[in-house]
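Below is one structure; the comments refer to it alone.
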Amino acid sequence: MASPFLSNCTISFSSSLKYSTLPRLFPSVSFSSIRFKSTPRRILTVRSKIREIFMPALSSTMTEGKIVSWVKSEGDLLSKGESVVVVESDKADMDVETFYDGILAAIVVGEGETAPVGAAIGILAETEDEIAEAKAKAASKSGASTRSAPPPAPAADSTPAPPKSTPAYAAPTVTEGPRKTVATPYAKKLAKQHKVDIESLVGTGPYGRITPEDIEAAAGILPSKTNVGPVVVAEVKPAAPTKATSDSSAPSSIPPPVPGSTVVPFTTMQAAVSKNMVESISVPTFRVGYPVTTDALDALYEKVKPKGVTMTALLAKAAAMALVQHPVVNSSCKDGKSFSYNSNINIAIAVAINGGLITPVLQDADKLDLYLLSQKWKELVEKARAKQLQPQEYNSGTFTLSNLGMFGVDRFDAILPPGQGAIMAVGASKPTVVADADGFFSVKNKMLVNVTADHRIIYGADLAAFLQTFSKIVENPESLTL
Amino acid sequence: MHSICSQATAVPRSNFAFDSHAPALPISKPINLRFCGLRKEAFGFSGLTHSCSSRVRFTSRGHSKRISASAENNGTPPKSFDYDLIIIGAGVGGHGAALHAVEKGLKTAIIEGDVVGGTCVNRGCVPSKALLAVSGKMRELQSEHHMKALGLQVSAAGYDRQGVADHANNLASKIRSNLTNSMKALGVDILTGFGTVVGPQKVKYGKVGFPDNIVTAKDIIIATGSVPFVPKGIEVDGKTVITSDHALKLESVPDWIAIVGSGYIGLEFSDVYTALGSEVTFIEALDQLMPGFDPEIGKLAQRVLINPRKIDYHTGVFATKITPAKDGKPVTIELIDAKTKEPKDTLEVDAALIATGRAPFTNGLGLENINVETQRGFVPVDERMQVIDANGNLVPHLYCIGDANGKMMLAHAASAQGISVVEQVTGRDHVLNHLSIPAACFTHPEISMVGLTEPQAREKAEKEGFEVSVAKTSFKANTKALAENEGEGLAKLIYRPDNGEILGVHIFGLHAADLIHEASNAIALGTRIQDIKFAVHAHPTLSEVLDELFKSAKVKATASSHVPVSEPVAV
């Protein structure tokens, strides 16, 4: 029978540092009968009072476990038999208890993270003096251990205890006196999560209470959710004096939501796009458009298409070859004081993927041949769809290409992404009546390209010259296949 | 008579678990146990089977016999009776007793002073299930993670408060009319008015302002139920400080609501309110949330139902004074330490729900006429529900069932007690095994239990000198639960390894309330683990959680030879 303080299915252990190769010592156990109380292993000459808490093996098939939650926080006092952490195995969530008294000095593996069986997930110190040492141990255990916990906060309890000498209970005029901080349950949770000091905030909610929105504002995060409620009937009542002042000091600049509207928060990708777009406003840009005849390019495309070459690859290759002759268009202005010439020509190409926009990069597009480039592009698009692009595969671009021609768009205007000098917007190629120098009319396929560039480094003449080169390459595309 | 059918009390489970003879239950703190089952809904349909039996003769009502019930012979039992059985209170308990009485051939009347259906149907289990159905769906639709895992895309889910409230109200009306119709169809007389016991085998009833009628019956069952218990110092205004009666009407969804009491009622309402966008603060007098549950289940439930939600809590505190919102001030709640009685904190919230349990509704029953003293409002009864008078003697022909006797405040327990009483008065001795009565809390996921908790079982084992074992299975290992992406959950079996007796089963997980019955039936029928483990469960179903649970138990006894299906059946 299990010992009285151990419930039947909990596991307790933690061991001395000496036994860091511990997992071997544990018999494999099947789920329904885990019942070992860790018998005090013979600790031969243990001086250290710092112990590790290991990832336990909760089933015979378990090789790693995920920390569901830490029941205790860093700095909490633990006593023998108490639950410290909840671990998810392949089969169940289980509480892991400590077999020693002490202080949880450091959490090595945080909530939601995974560790192999036997790995240290936390450090237990016997006395407060050893916490620092234990923390150093924890830091060495895991580079990821960024949690430098504040000195053990004695009260994790979030409700401020009122001073005993002034019992609010006895004072009927409690609301008239100096206001104490009132925060809603979710606000308190958020504050703990984002390490926001509630006491330092001024609440904007009803009766001056601190709302989850206040915490989010203080933590600098975007509101993460819509209020699930209906348009909740605001409690209309004579405004309390405190409310009136907070209202006037915080004029709302956001228009009230249209009734019936829904708010959908950005995904991570959308948030990144939004951030880049706002940043782009700080760059002085200008645009130059250029008509390019594409009959020759179209003919070439028909020839190479069976070999897997796409129009995107052709355009990227043409742009890259033009950039070789106009390095300034491939440069960028990082600090507002200098040109940064890029040694590689990396063409980023905007791709719409489900619910977002990403720019996979064809690196060294000037050097690779058309076929390799096409193959490379195909791989990149597949990776982008599967959301498996590595950072250097989407953020190393030096020049961006955006093509909406396939939708019939004849011309458009692109926003320059931060960190690049220029972006080319390509419209559809369509039959156009042209008169040549001799006055003969003919019908040629013409496509409008429009380049947006950073005028701090790229001037009108530079762009015009680049476009002229680009146009020549497209009109005589044989060089693309070389 | 105000009739109430169901659940909830300030009764620690252990009291009826170990000493069901003692109706005087020591209560130090408001523990809030609410057992809520919707069992009686089925009775709306059960009339079909009963109505074809030969009860027609009772439709000829013998009102002529009423002359025997005149005022002069008060105090002496009449020689002949208007009815075989009169039930005071048409809640779920009274209804269950009435139906069974008709089946047994008794001429039956039921007295109701309020509405048929009592608390359960009108202000309890039934409307709360409607709200919880809504909250469960809202919760699913709002869980982006859950939806994504299933490959579903839902844009922001919203709700219409009035629509939700109407759903609850419509459900209650429907069940109420089902109940009424089922009794009418069987020939049960429904007498309207408040019932009072005026003497042995004699009851008067009548509406206020109308002359009273006096009827006699061979046996009388008191089934008057309970009302929400509101501790003193708390001012209920029905708008910002409310009880479950008001909350079920869902007249508002406050931004922030404090719930006093973290038992069944409080827990279910926290599920509803948080799903509808409120933030919740629990106030619990004991040191732990969810007292009354098996500690391990409670711990897991707290991790799933409390911690990740917009809920915080104060434990070990009493709310000594709650003032409704008025004059531009919020609801204020004054808290004192439950042990030291020192002021601890003052909360300011938008609303407060008082869920501190339920108090018996037995005032005005006329019990003094037959020398019966209630104990804190509860009518004292023996294990056969027969009423005990002030001298400790049994009162002949008088029984009390349901919340009014406080044994187990559950709608289905009241009904079971009623059926047990009818069995006795028709000549078959019957004692109800309260340990076989399941209880459920309809949160998402649900919690259910039957029998003893682990600490109770261990205490009993120590006293009686037997061994106790525990087996557990996780919903994570169940195919159906994983298909639903609801792998969070645990089933726990407490049993005797020597003879395979099931002492208790506790389930936390998807549809736990429906799963418990395999275990409660086994306890009721005395089925042992070594036998039930051979029963077959359809695959893949949630019921395999229990299948696995029984199979994982290590029982020393072998399967009994008289297994139900002894003859192999070829197919």
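The values are calculated or read from the model by the stated rules, or taken from the named source; none is laboratory data. What you see is a predicted model, and the numbers here were worked out from it, not measured in a lab. Quick reminder, even Gly has a Cβ in these numbers, built from the backbone with ideal geometry, and neighbours come from all protein chains shown. With ligands, DNA and RNA removed, areas are computed over all heavy atoms of the protein, side chains included. Shrake-Rupley method; radii C 1.70, N 1.55, O 1.52, S 1.80 Å.
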(request) Provide the solvent-accessible area of B:V236, counting protein heavy atoms only and rolling a 1.4 Å probe, rounded to the nearest 10 Å². (result) 50 Å²
(message) Report, in listed order, any pair from A:K305/A:K367; A:K307/A:K367; B:K239/B:K299; A:K49/B:K554; B:K232/B:K407 with a Cα-Cα distance greater than 30 Å.
(response) B:K239/B:K299; A:K49/B:K554
(message) Give me, ordered by chain and number, the residues 5 or more places off B:H314 or on other chains with an amide H under 5 Å from its own placed amide H.
(response) B:F282, B:I283, B:E284
(message) Between segment B:142-180 and segment A:413-439, how far is it from one alpha carbon centroid to the other, in angstrom?
(response) 55 Å
(request) Please list the non-local residues whose amide H lies under 5 Å from the amide H of B:A352, H modeled 1.01 Å from N, same-chain partners needing a gap of 5 or more. (result) B:V241, B:I242, B:A258
(message) For B:R496, A:R209, give me the order by solvent-accessible area with a 1.4 Å probe, most accessible first, ignoring ligands, DNA and RNA.
(response) B:R496, A:R209
(message) 5 Å is the cut-off here: which amide hydrogens, built 1.01 Å from N in the peptide plane, fall below it relative to B:T541, excluding neighbours closer than 5 in sequence?
(response) B:K480
(message) What figure, in Å² to the nearest 10, do you get for the accessible area of A:K376 with a 1.4 Å probe and non-protein molecules left out?
(response) 70 Å²
(message) Full-extension gain between B:E251 and B:N485, please, as 0.36 nm times their residue separation minus the C-alpha to C-alpha distance.
(response) 80.9 nm
(message) Students often get this wrong, so check it: of A:K72/B:K341; B:K107/B:K129; A:K337/A:K472; A:K72/B:K339; A:K195/B:K326, which have C-alpha atoms separated by over 30 Å?
(response) B:K107/B:K129; A:K337/A:K472; A:K195/B:K326
(request) At 1.4 Å probe size, with no ligands or nucleic acids counted, give the accessible surface of A:L404 in Å², nearest ten. (result) 60 Å²
(request) Please give the contour-minus-distance gain from A:N354 to A:H455: 0.36 nm per residue of separation, less the Cα-Cα distance, rounded to one decimal in nm. (result) 33.0 nm
(message) Tell me whether segment B:373-413 comes out rounded, prolate or oblate; compute the Cα gyration tensor, take square roots of the eigenvalues as a ≥ b ≥ c, and use a/c under 1.5 as the rounded threshold.
(response) oblate
(request) Distance between Cα centroids, segment B:342-362 to segment B:202-265: provide it in whole Å. (result) 16 Å
(request) Would you kindly work out the equivalent ellipsoid of segment A:297-361 from its C-alpha gyration tensor and give its semi-axes, the square roots of five times the eigenvalues, largest first in whole Å? (result) 28, 18, 7
(message) If I take R0 = 30 Å and measure r between the Cβ atoms of A:E113 and A:V273 in this structure, what FRET efficiency does the formula 1/(1 + (r/R0)^6) give, to the nearest 0.05?
(response) 0.55
(request) Sort A:R411, B:R384 by accessible area with a 1.4 Å probe, largest first. (result) A:R411, B:R384
(message) Please report the antiparallel percentage of the DSSP beta bridges confined to segment B:146-297, to the nearest 5.
(response) 65 percent
(request) For segment B:115-122, take each phi angle, set θ = phi - 60°, evaluate the Karplus expression 6.51 cos²θ - 1.76 cosθ + 1.60, and give the result in whole Hz per residue in order, putting x for glycine and proline. (result) 10, 4, x, x, 5, 3, 6, 9
(request) Assuming R0 = 30 Å, can you tell me the calculated FRET efficiency for the pair B:N363 and B:K239, based on Cβ-Cβ distance, to the nearest 0.05? (result) 0.70
(request) Just reorder B:E501, B:E342, A:E393, B:E144 by solvent-accessible area, largest first, 1.4 Å probe, all chains present. (result) B:E144, B:E342, B:E501, A:E393
(message) From the phi angles alone, apply the Karplus equation (6.51, -1.76, 1.60; θ = phi - 60°) to segment A:389-395 and give each ³J(HN,Hα) in whole Hz, x where the residue is Gly or Pro.
(response) 5, 7, x, 5, 8, 10, 10
